[in-house]
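**Student:** Could you have a look at this structure, given as structure tokens, before my questions?
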Amino acid sequence: MLSNRSIPDASVIPVIAYPDVNQAAAWLCDAFGFSVRIRIGDHRVQLNVREGAVIVRELRPDETNAHLGAGWSVTIRVEDADRHCQRARDHGARITQEPCTYPYGERQYSAEDFAGYRWTFSQSVADVHPEEWGGTAEQL
């Protein structure tokens with residue numbers, strides 16, 4: 001695959017609409033530790049998220065209900081879920097689920113950002129085969 005410096009290398013890149021992309025980018029960087037990769041005018045900002053990426057874009061006038069509703073969230077892997085949760089809380093994130101360790105080897109918490117988008121942050125704490133907790137491994 002050809003590499004292009006104008007787009008992140010990540011295979012999957014969520015694009016999330018906010019009314020003010022610069023405010024959103026600043027808040028996401030402060031609260032969740034993302035960093036700005038590229039700004040495109042005042043309507044789009046590419047953010048680095050470890051090996052991945054998120055793009056925030058301008059909410060268009062016809063998209064009044066465009067934000068992530070029930071059942072949707074973006075999951076980001078982190079090194080330390082507890083420390084990350086405290087940082088997010090300190091910057092105004094609403095913690096909707098405190099850090100909890102699950103049988104599948106992940107310690108996770110969930111938060112809503114200032115605009116109501118849902119995020120889950122996940123720290124690997126053990127390497128657990130899916131069959132040990134009731135999963136079925138198709139391809140590992």
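**Student:** Checking the conditions here, which among ARG77, ARG107, ARG57, ARG83 is closer than 22 Å to VAL21 by Cβ and either modelled with pLDDT under 90 or of a type outside the set (S, T, N, Q) (or both)?
**Tutor:** From the options ARG77, ARG107, ARG57, ARG83, the qualifying one is ARG57.
**Student:** Continuing with the same structure: What residue, of ALA126, ALA93, ALA24, is farther than 21 Å from ILE13 by Cβ and in contact (Cβ under 8 Å) with a residue 24 or more places away in the chain?
**Tutor:** That would be ALA93, the only listed residue that is farther than 21 Å from ILE13 by Cβ and in contact (Cβ under 8 Å) with a residue 24 or more places away in the chain.
**Student:** When you look at ARG87, is it basic (Lys, Arg), more than 15 Å from the chain's Cα centre (by Cα) and either under 20 Å from ASN48 (Cβ atoms) or part of a loop (DSSP other than H, G, I, E, B) (or both), yes or no?
**Tutor:** The answer is no for ARG87.
**Student:** Looking at (1) surrounded by 13 or more Cβ atoms within 10 Å (Cβ to Cβ); (2) charged (D, E, K, R); (3) outside any strand (DSSP E or B), can you tell me which one ARG107 breaks?
**Tutor:** Result: ARG107 fails condition (3) only.
**Student:** Based on what the data block shows, is ILE76 of a type in the set (Val, Ile, Thr), without any contact (Cβ under 8 Å) to a residue 12 or more places away in the chain and under 24 Å from ASP9 (Cα atoms)?
**Tutor:** Judged against the criteria, ILE76 is not a match.
**Student:** Hey, another quick one. Just to be sure I understand, how many residues within segment 18-33 are surrounded by fewer than 21 Cβ atoms within 10 Å (Cβ to Cβ) and out of contact with any Lys or Arg (no Cβ under 9 Å at 6 or more places or on another chain)? Talk me through it step by step, then tell me what you get.
**Tutor:** Here is the first cut: in segment 18-33, the residues surrounded by fewer than 21 Cβ atoms within 10 Å (Cβ to Cβ) are 19-20, 22-23, 26-27, 29-31, 33.
So of that shortlist, the ones also out of contact with any Lys or Arg (no Cβ under 9 Å at 6 or more places or on another chain) come out as 19-20, 23, 26-27, 29.
Adding up the residues that qualify gives 6.
**Student:** Do any strands (runs of 3 or more DSSP E) entirely within segment 1-59 hold 3 or more residues that are more than 15 Å from the chain's Cα centre (by Cα), and if so, which?
**Tutor:** In segment 1-59, the matching strands (runs of 3 or more DSSP E) lie at 35-40.
The values are calculated or read from the model by the stated rules, or taken from the named source; none is laboratory data. Because the structure is a prediction, the values reported are computed rather than measured. Note: ideal-geometry Cβ built from the backbone for every residue, glycine included; neighbour counts use all protein chains shown.
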